[in-house]
Each structure stands twice: as C-alpha cells, then as structure tokens.
Amino acid sequence: MKDHKIYKRALQLAVPMMIQNGITNAVGLVDNVMVGSLGTESMTAVSIVGQLIFVFNLAIFGGLSGPGIYGAQYFGQGNTEGVRNIFRLKWWISLFSLIVGLGIFIFWGNELIMLYLRGNDSGIDAAATLGYGRDYMMIMLWGLFPFAVTQIYSGSLRETGESVKPMVAGVCSVVADIAFNYILIYGKFGFPRLEVRGAAVATVIARIVEMCVIVIWSHCQREKHLFLQKIYCTMKIPVDMLRTVVKKGLPIFLNEFLWAGGLAVLTQEYSTRGLSVIAGLNISNAICNLLNVVFIAMGNAVGILTGQMLGASQYDKAKRDSVRLMWFTGALSLVLTVVLVSISGVFPLLYDTTQEVRDYGRNFIIITSLFFPVQGFLNALYFTLRSGGKTVITFLFDSVYTCVVSVPVAFVLCTYTSLPVLTIYTVVQALDCIKLIVGYVLIKKGVWINNLVAES
C-alpha cells in the first residue's frame, strides 16, 4: 500500500463495473430464484440454456477484447481516430459473431440441450426439461443483438476511462428485468402467466432497455466522447490496422470462445452424474456469480490501466503497479470467500427443490468460494498479459489449458472412476493453481511489456 493512488484509480474504474455487473447478476439471481420456484425442471432448463448462451456472450466479449487492447492504448496515446476505427471494427466482429451464433442455436439448439440430459435421475423429468429449455432459448435469441451492441459501446467507453454510463445503463436494465420477471413469470396485473417463457421475455426487454440507454446517452454527449463524432459516416477500416488488430485479437476471440465452451463441456460431464448435479451447480453459480464481479471488474481495470500506461510508454510504472494490483485483487477475493462460506447453508433454502439439490448447491458454493482468491489473482494476471498484446500466451494460458488439462481430467474422473462429483469438481478447480504459478513467473519477467501503438 506504499502508493495508494494506483489502488484508488483501479477502484474508481472497477467499482462502477462492479456495481453494473453486480446489479445485473443480482437480477440473474432474482430470476434464478423466481424460476426455481416453478420447479426443478424449469430451473434446470434455464440453467442449461444459460450455459449455452454464456458461450455466445464470451465469444462476443473475446471478439471485442482484442480491439479493446488497441482502444485503450490509442486513448493513452491521444489518438482519437485510432479509437474511432477500433469502434467500427468491433461492429463488424459483433455482426459476424451474431450471425454464426444465431445459426447454431436455431438449427442445433435442441441437440445442444439434450447433451445435458443424459444423466440418470429418476427425480427429474428430462422431457419436460427439454421442452422448457427449447421455449426459453428461442425467446432469448432476440436479446443477442442488443447484448452485442451494448458490449460495443460499454467496452469502448471504459477503454476511454468512462465507466459510469455502462453502470447506469445496467441499473436501468435491472429495474426493467425485475419488474417484467415478476409480471410475466407469475402473470400479474392482467398479464398472462408465462413462467419460463416470461423469464426469457423479461430478459430480452431488459437487454433492449440497456442498449437504448447507453447508445442514446453516449451520442448525446459526443463533445465528451470525441470518437463518436461522425462515427457512422463510414464503416471502412484501414487495411493495415485491420490486419494488425485481427492478427493480435484472434487468439483472444478463440480463447474466450474455447474457454466458455470448455466450461460448458465440464458442466455436461458433471451432468452424467445426474440432473440434480446440474440443479445444484445452478444454485451455486447464481450466488457465486453475484460476488465474482469484484475480481472480474478488478481484472478489467488492471488491463485498462496497464494498457494506458504502456501506450504512454510508462513501462516501469506498468510493471510495478500491475504486481501490486494482482495482490490487491487476491486480497479482495479472500474477503468474498468468507462471505460465501457464511451463507452457503442458507441460500439454497430459497429454492423450491429437493434436499439433495440443496445439498449439492451448498457444497458447490463452499468449494467454489475456497478457490476465489486463486481466480481473483488469475484474472489480474490474465488481463495484465493481455494488455501488452501477449494474446497467444493468454490463449495457451487460459482456454488451451482448460481444453487440454481440465476437460480431459474431468472426463476421465467422471467416466472411469466412482469418485463423488464433489471430489471431481474440487480436483478440477485445484488444477488452476498450476496456471497461477506459471502466470506469476511470466509477469515478474515482464514478457508482456509492449507498446502496440508506438508506431501508429
């Protein structure tokens, strides 16, 4: 804590993101509990589809993160035209991802859901779960476009040091989501009782509200956000920039897509031990995702701050402050562990489900929370490496490791052993400690220090 200014700057950038994502995840938690009150099949269906939509969301995030590295550095350099071109590139990436994602979900949605319904569980109706999941997915697809647009604007604003607008847009989205969830799930105020479909409609409405708020507000303040001035006069991008950014950003896109896909595969492997396991994981994810926004936002803040310092050629400061922020993020995550463990026995009681599912939920919460400090440190490591353009390293460090190590280990343990699923889950979580050690060595060596826009 020798130089408190860097912690203050990180928190000033991260706290609005924490609030925005925290409120969004709080809404997800409320949605989860509301749907959970409809029965285990409904809750499990929404959880499965949510896992699949998560892969798309991470693909969008990964596709925009590569250009985002350049956006932060261009802003640090004072190059407004560079930021403007990066914004346009984000549009093309998002539209491509949207077309591919819609095609996969429309034509193979049922098959994807059925991958999670192969476990033996006499207490849960697989056919009903499939029906609920299909209905939920088809409605949720309408929210993919507004989600992508919101990410384009939110990311660009944060890269230029503005994180309040995305937060306010998120708050508006939350209010809409909670209100319409209550109205449409349960059929209040004369509206029809839509149950699972109502939850999906409410989410789509919330996505549209969030998009409208951030887009309209940002363009109303174009004198502040200079890169938005004449932004749509053309959508052309300099060929040299396009080639450079895509080459550097492709590993990030593949990383986020494969990492999210790896998590989906892990969940599918756990599901072979019964649908009750998926229901328990859903309970755990609902509350853990509410709190992990702290270290996720801190990771983003670390990446943006180090990117700006690298763009300004402040290499020694970037190296020194990145290490400080990693330890700071790990310490914050330790506090979250204490909070989660203390409420692990109470939270599952909010769900109208079996005691077996509640027990799974409690134990998954405890195991996940114990590894929060590891995940917090890893997030800061990952975004630091990425801020200097070391996208191939982060690709190997993150998604390749998940697909080559974590997924095969889970598959072998689930398929060829009789180990309890909680033990398998713990082993898979512990594998990330290897990444932490390797990543910290890379950070200390400074292999990530690189000014990507020095010649621009």
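At a glance:
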{"item": "Whole-percent carbon and sulfur share, accessible surface of the range 207-304, 1.4 Å", "result": "68"}
{"item": "Option label - volume of the Cα convex hull per residue in Å³ computed here, alternatives (1) 179; (2) 160; (3) 135", "result": "(3)"}
{"item": "Cα-projected label distance for Leu95 with Thr244, points at 7 Å along beta-carbon direction, nm", "result": "2.4"}
{"item": "Dimensionless Rg/Rh of the range 1-81 - Kirkwood Rh, Rg from C-alpha atoms", "result": "1.16"}
{"item": "Share of carbon and sulfur in the accessible heavy-atom surface of the range 361-405 [1.4 Å probe, %]", "result": "73"}
{"item": "Nearest-10 value in Å² for the accessible area of Met138, using the 1.4 Å probe", "result": "80"}
{"item": "Gap separating the Cα centres of the range 435-450 and the range 349-414, nearest whole Å", "result": "20"}
{"item": "Under Karplus coefficients 6.51, -1.76 and 1.60, residue-wise ³J(HN,Hα) of the range 368-381 in Hz, glycine/proline x", "result": "4, 5, 5, 9, 4, x, 5, 5, x, 5, 4, 4, 5, 4"}
{"item": "For the chain: accessible area per residue (Å², 1.4 Å)", "result": "41"}
{"item": "Surrounding net charge for Leu226, when Lys and Arg each add one and Asp and Glu each subtract one, Cβ distance under 12 Å", "result": "+1"}
{"item": "Which listed pairs, of Lys165/Lys188; Lys165/Lys236; Lys5/Lys317, have C-alpha distances above 24 Å, in listed order", "result": "Lys165/Lys188; Lys165/Lys236"}
{"item": "With DNA, RNA and ligands ignored, accessible area of Ser406 (1.4 Å probe; Å², nearest 10)", "result": "10"}
{"item": "Alpha carbon Rg of the range 184-323, scaled by the compact-globule rule 2.2 N^0.38 Å", "result": "1.51"}
{"item": "In degrees, nearest ten, helix 421-430 long axis to first principal axis of the chain (Cα)", "result": "10"}
{"item": "Thr234-Arg193 pseudo-label distance in nm [points 7 Å out on the Cα-to-Cβ vector]", "result": "5.9"}
{"item": "Folded to 0 to 90 degrees: helix 275-291 orientation relative to the chain principal axis, Cα", "result": "40"}
{"item": "Mean residue ellipticity (222 nm) of the chain, computed from DSSP H runs ≥ 4 via -39,500 (n - 2.57), nearest 500", "result": "-27000 deg cm²/dmol"}
{"item": "Label-to-label distance, nm, for residues given as Arg118 and Val447 (7 Å Cα→Cβ offset)", "result": "3.6"}
{"item": "Portion, in percent, of the accessible area of the range 13-86 that falls on carbon or sulfur, probe 1.4 Å", "result": "65"}
{"item": "Sites Lys8 and Tyr416, calculated FRET efficiency, Cβ-Cβ separation with R0 56 Å, nearest 0.05", "result": "0.65"}
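The values are calculated or read from the model by the stated rules, or taken from the named source; none is laboratory data. Small disclaimer: the values here were computed from a predicted structure and weren't measured. Methodologically, a virtual Cβ is constructed for each residue, glycine included, from the backbone with ideal geometry; neighbour enumeration extends over all protein chains shown. When the accessible area is computed, the model is the full protein with side chains, heavy atoms only, and any ligands, DNA or RNA have been set aside. Shrake-Rupley method; radii C 1.70, N 1.55, O 1.52, S 1.80 Å.
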